[in-house]
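I have placed the structure first, in the form of structure tokens, so that the comments after it can refer back to it.
The values are calculated or read from the model by the stated rules, or taken from the named source; none is laboratory data. Keep in mind it's a predicted model, so treat the numbers as computed, not measured. So basically every Cβ, Gly included, is an ideal-geometry build from the backbone, and we count neighbours across all protein chains shown. These area figures cover heavy atoms from the full protein model, side chains too; ligands, DNA and RNA do not enter into them. Shrake-Rupley method; radii C 1.70, N 1.55, O 1.52, S 1.80 Å.
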Amino acid sequence: MEQPVHHGRQSKVLIYNVDKDRNVGMIIRSAAAMGVSEVVVAGRKSKKLNTFGSQGTHKQLPMRHVPVF
């Protein structure tokens, strides 16, 4: 996957207190398609983040979890 050129700008997606973790994968996939530079999951999180709908893009997009926002 070719990385988009940001020209010094970075965009991030914040997912806060996700209720249905199966939606996280689709958010990740959409974020990758739009050239987002990082996905941040804030708040509560299940033991393992469900990236089912990401179709592998979660491996190419930096992700991190912060417990408190």
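So here's what we get for this one:
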{"read-out": "Members of segment 11-69 that are among the small types (Gly, Ala, Ser) and in contact with an Asp or Glu (Cβ under 6 Å, 6 or more places away or on another chain)", "value": "46"}
{"read-out": "Within segment 37-54, considering residues that are open to solvent by 20 Å² or more (accessible area, probe 1.4 Å) and in contact with a strand residue (DSSP E or B) (Cβ under 7 Å, 6 or more places away or on another chain), the one modelled with the lowest pLDDT", "value": "45"}
{"read-out": "Residue in segment 59-69 that is most open to solvent (accessible area, probe 1.4 Å), counting only those that are modelled with pLDDT of 75 or more and not aliphatic (A, V, I, L, M)", "value": "59"}
{"read-out": "Inter-residue pairs, beta-carbon under 7 Å, first farther than 12 Å from residue 40 by Cβ and in segment 12-28, second of a type in the set (Asp, Glu) and not in a strand (DSSP E or B), 6+ apart", "value": "none"}
{"read-out": "Among the candidates 13, 18, 24, residue that is open to solvent by less than 100 Å² (accessible area, probe 1.4 Å) and at pLDDT 85 or above", "value": "13"}
